[in-house]
Amino acid sequence: MSRLRLAILDLYNGIPNQGMRCIRELVGQFADRVDSEVFDVRVDGAVPGLDHDIYISSGGPGDPREVDGKWYKAWTGWLNSVMEHNATNERKKYVFFICHSFQMAVHHFQLAEVTKRNSISFGTFPIHQTEAGKIDPIFRGLDQPFIAADFRHYQAIQPDGEKLEQLGATLLAKEKIRPHVDLERALMGVRWSPEVVGVQFHPEADPDGMLAHFSRPEIKQEVIADHGREKWLQMIEDLNNPAAIQRTHDAIIPGFLERATAALLEETPARV
C-alpha cells in the first residue's frame, strides 16, 4: 500500500498548548498509512507545498483578521494553491480547519463577518447542526446537538448567502441557542467543498488531557478568577462525562482522516 503525506499547519505562534498534542495523537492513529510533518507557520513562516495529500490547520491565538506579515500571506497562498489545485485536478487535496484557521478561511473568502466577541467563549458547549449538517459526514455518529470544547475571543457571524453560493460552500453548524441573549449565533462549521471542511471549535480536545490541565491548581484558580467557579465546575462535569467531548474527539477528525485516506488510496473522490 502506498503511503500518504499529511501536513499539520501549526498556528499557535510558539505558545505551549494542548491542541497540537491532541492533533499529533489523532494523526498518529493513522501512522500505518500516513507520514506526517508539522509546519510552524507563524514562527518560521513555513507552509507545506502541494506534495502533501492531507492538511490539518490548527487553532491559535490572536486576531484572525490580521493580514499583515509574511506568515499570513504564506498561509493564504497555501490555501489558494490547494483550492486552485482541487478545481483543476482529478486527484484532490483534503483540508480540515480548526477554530482560528476556520476564522481565517472564512475571513479570507468573505463568507461571513469575523468580529471580536463581547466576552470569551470558554469551556464546553452544545453545537447545533443545520439541516445540511445533520446529514454531513463530518458530524457522523454525533447527537443533535453534540458537546464540544470551545475557546474563542473571536467569532464568525452573519453568513453571506451569496458568497456561500458562489463558492459552493455550505453552513453545517451554529453555536448554542441562547433565547435570553439578543446576539446572533456564530457559525460553527462550514464545508467549502467535498474535500475542504472546518469547524470553529476544538474537536481535537480530549477529556483526559483537558481534565488534567484544568485540574492543575494554578489553572483552576486562573479559570475561576476569570470566569467564575460555576464555569469551572460545569466544565469539569462535562469532561467527566464520557458522552460529552470524548465522542466529539473520537468522531470528527478521525472520521475526516478515515474518509480522506480511503478516498486517496482507492482513488475515489469522496465527501470527507
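The values are calculated or read from the model by the stated rules, or taken from the named source; none is laboratory data. What you are looking at is a predicted structure, and each value in this text was computed from that prediction instead of being measured. Neighbour counts are summed over all protein chains in view; Cβ atoms, including those assigned to glycine, are modelled from backbone coordinates with ideal geometry. For accessibility, only protein heavy atoms count, side chains too; no ligands or nucleic acids. Shrake-Rupley method; radii C 1.70, N 1.55, O 1.52, S 1.80 Å.
Tabulated data for the structure shown
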quantity: Prolate/oblate/rounded call for the chain, Cα gyration tensor, a/c under 1.5 rounded; calculated: rounded
quantity: Nearest-10 value in Å² for the accessible area of E184, using the 1.4 Å probe; calculated: 80
quantity: Among L79, L167, L111: highest mean-square fluctuation, GNM of the chain, C-alpha pairs under 10 Å; calculated: L167
quantity: Extension gain from L265 to H153, taking 0.36 nm per residue of separation minus the Cα-Cα distance; calculated: 36.5 nm
quantity: Stretch gain in nm, segment E162-D35, where the contour uses 0.36 nm per residue and the Cα spacing is subtracted; calculated: 41.9 nm
quantity: Accessible solvent surface per residue of the chain, calculated while the other protein chains remain in place, 1.4 angstrom probe, Å²; calculated: 45
quantity: Segment 21-108 shape via C-alpha gyration tensor axes, a/c threshold 1.5; calculated: oblate
quantity: 12 Å Cα-Cα reach of K70 towards aspartates and glutamates, excluding residues that sit fewer than 8 places from it in its own chain; calculated: D44
quantity: Helix-derived mean residue ellipticity, 222 nm - over the chain, DSSP H n ≥ 4, -39500 (n - 2.57), to 500; calculated: -11500 deg cm²/dmol
quantity: Positive-end residue, segment 191-255 charge dipole about Cα centroid, Cβ charges, pick of P207, N241, V196; calculated: N241
quantity: Degrees, to the nearest 10: 229-239 long Cα axis against longest axis of the chain; calculated: 50
quantity: S193, S57, reordered so the largest accessible area comes first (probe 1.4 Å); calculated: S193, S57
quantity: Stretchable slack from H227 to A132, in nm (0.36 nm times residue separation minus alpha-carbon distance); calculated: 30.8 nm
quantity: Charge-dipole axis of the chain as Lys and Arg at +1 and Asp and Glu at -1 on Cβ define it, positive-most pick from M104, I120, N89; calculated: I120
quantity: Accessible surface of segment 153-272, 1.4 Å probe, proportion on carbon and sulfur as whole %; calculated: 49
quantity: The chain, dipole about Cα centre (Lys/Arg Cβ +1, Asp/Glu Cβ -1), debye to the nearest 20; calculated: 200
quantity: Label point distance in nm, R140-N89, each placed 7 Å from Cα along Cα→Cβ; calculated: 2.5
quantity: Area accessible to solvent at H227, 1.4 Å probe radius, in Å²; calculated: 60
quantity: Partners for K163 among lysines (Cα-Cα distance below 25 Å; same-chain residues under 8 apart left out); calculated: K73, K92, K93, K116, K134, K174, K176
quantity: Percent RCO, i.e. relative contact order, over segment 58-171, from Cα pairs under 8 Å lying at least 6 residues apart; calculated: 29
quantity: Rounded, prolate or oblate (a/c below 1.5 giving rounded, otherwise prolate when a/b exceeds b/c) for segment 87-240 by Cα gyration tensor; calculated: prolate
quantity: Relative contact order [Cα under 8 Å, 6+ residues apart], segment 200-261, whole percent; calculated: 46
